[in-house]
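The values are calculated or read from the model by the stated rules, or taken from the named source; none is laboratory data. Quantities reported herein were computed from a predicted structural model and do not represent experimental measurements. Because the Cβ atoms are built from the backbone with ideal geometry, glycine has one as well, and the counts that use them run over all protein chains shown. We work out accessible area using only protein heavy atoms, side chains counted, and drop any ligands, DNA or RNA first. Shrake-Rupley method; radii C 1.70, N 1.55, O 1.52, S 1.80 Å.
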Amino acid sequence: MRILSTWVSILSLSLFMGACADEKADSSSTAPVADAGNSSVQDAAAGAPDTASAAPDDVTVEDDAGVVLGLGPDDEFAQMGCALLEGEKSNPVAGLTAAEAGQQLIVPSHETGYAITLPESGTGFVTLEVPDWQVVIALFTLEGVEIILHDPDDKAEVVQELSYAAPCSEQQVIEERTKFHKWGGFTMELRGEPGGEVWLAAVDLPLD
Amino acid sequence: MARGRRSAPGLIAALVLIGGLSGACQGASGDQPPDPAVQKVELGRHLFYERRLSVEGNRSCGICHEPALGFTDGFVRAVGSTDEVHHRNTLTLTNVGRREALTWGAGAPDSLEEQLLIPLMGEHPVEMGMANQMDAALDELRSDLIYERLFHEAFPESEDPFTLERLSEAIAAFERTLVSQTSPFDRYVAGEEDALDAAARRGLELFFSHRLRCGSCHAGPDLDQPTEEGEIVARHGWFNIGLYDVDGQGAYPERDQGRFEVTGLQEDRGRFRTPTLRNIELTGPYYHDGSGASLADVIRNYAAGGREVLGGPNPGDGRDNPHKSDLVRGFEISEQEAEDLEAFLRALTDWEMVEDPALADPWPRD
């Protein structure tokens, strides 16, 4: 149960959630749930390039759930994430509950993207195995999917807020980068279309 | 409980000795040669935490067997130097010097000296990945002033102590000092009544009760020995506790069938060695494949008489596994009782041990 008590970040499309990610220290115990089907998502996509240079403080709030996302860094890792989502993917199956997260491991990779099957509930659980200390991992997925990284021991921090992946923003690929101060297995909660697939790429950046 | 405790005074004496002398030895002057037995452990400690003994310079024994995590690593299944995922969860090394059988499965070497060659040089999976690099690594250690001193102090008779054999002797000597005997449970057993609070005392009773039967498999000084009516019947036991039934005929996930992998006997499918429960609070996630997220989940699974896996790649009802032990039958347990049982399990945490500077990483962490 402890595992469910805190969380570090949410890949989704709500400013509310982005703001909460910054405030993880206040040990908020319930993650707000985004409406993945919110129509402002599409508006956000259309507006993405215009907001690329906007400072986070300037982000326009569209309504209480939607926000115009900025563009993420246009670097080799973003390119890799885009390519992995585009290419052939392996097909893991998510567990049904947090207790089943350990049934399916996701390992950061520069070679494989994942198409993860979700349960009929639309919420699935996997474990992200973080192989190093102080490693930054960029997670890529498609807009509308929500990824909640459980971090009960406060070992991770978001270093690049949720944004469109610059090289493939027009495909509605979003990304967020998290620095893990310690390695280990982290429970990842995925929310998307019931019984559908969540596309995911987990790209680890080189250690400095 | 008495059996294993008998050997304890000797071990604690060694521990005190090491702790006391390791600092002093740094400045030992020529007239008092350091005790080779003590220096062997000290050398072993340096090697245990030595990352140059991994192919990518990012793993050591102590990285996967970290004191703060009860000498485990926090992974579901261990990740080796080249990021290869192991098929098993990392075992605690707490009191590993007393184990007669090593690893979750069967057929592994039973001496620590031999066993450590598997993580060091094994290729399936790669843990430290030193199969083709040991000579070069030993050469590198030879040119390091700290090792130059430690190897010679540990093996004063040896002309060239920089060999794989000496290295494994030293690491194993250090492993034998990973001794836990000051947990609240130990203090309680030794007669210190209030070492366990009321909840943990109730949990202890439940643990050994006829209803729960935990003690039938988890008994003895390290809670890893099977018993019958209180009598220990084997040093170690291998059991299938009903975690999976992938094909409706008792199969566990393909990557690991436990003892069956070695014996080929159907009844050995899904049988794994009963692990020690010492420091269990720190060593999660649980089970041979790390698929148990928390102690509460583990208790729930026993209460249900096994685990039903609903999602993920290996669904199936482990409760119906035909190879499941008769001792895992399920039981009624109230919420309060489950909490008490967990309180008892937490009373097996030995903070004195996991925070002991004599067992800690001697290398500065960057």
For region B:53-65, state whether one or more residues are of a type in the set (D, E, K, R) and over 24 Å from residue A:188 (Cα atoms).
yes
Can you name the condition, by its number, that residue A:136 falls short on among (1) open to solvent by 10 Å² or more (accessible area, probe 1.4 Å); (2) assigned to a strand (DSSP E or B); (3) within 14 Å of chain B (Cβ to nearest Cβ)?
(3)
Give B:329, B:319 a once-over and let me know the one that is surrounded by fewer than 22 Cβ atoms within 10 Å (Cβ to Cβ) and assigned to a helix (DSSP H, G or I).
B:319
So residue B:175 passes all but one of these: (1) in contact with a helix residue (DSSP H, G or I) (Cβ under 6 Å, 6 or more places away or on another chain); (2) surrounded by fewer than 21 Cβ atoms within 10 Å (Cβ to Cβ). Which condition number does it fail?
(2)
Counting residues that are hydrophobic (A, V, I, L, M, F, W, C) and within 30 Å of residue B:278 (Cβ to Cβ), which helices (runs of 4 or more DSSP H) fully inside region B:67-165 reach at least 2?
B:117-121, B:145-154
Taking residue A:208 as meeting all but one of (1) assigned to a strand (DSSP E or B); (2) charged (D, E, K, R); (3) farther than 28 Å from residue B:312 by Cβ, write down the number of the exception.
(1)
Using the structure shown, decide if residue B:145 is more than 27 Å from residue B:83 (Cα to Cα), among the hydrophobic types (A, V, I, L, M, F, W, C) and surrounded by 15 or more Cβ atoms within 10 Å (Cβ to Cβ).
no
Please find, within region A:186-205, the residue that is farthest from the other protein chains (Cβ to nearest Cβ) out of those that are open to solvent by 30 Å² or more (accessible area, probe 1.4 Å) and outside any loop (DSSP other than H, G, I, E, B).
A:199
Exactly one of A:107, A:158 is facing another protein chain (nearest Cβ under 9 Å), among the β-branched types (Val, Ile, Thr) and buried (at least 17 other Cβ atoms within 10 Å of the Cβ), and that residue is A:107
Among the residues of region B:206-220, the number that are surrounded by fewer than 14 Cβ atoms within 10 Å (Cβ to Cβ) and charged (D, E, K, R) is 1
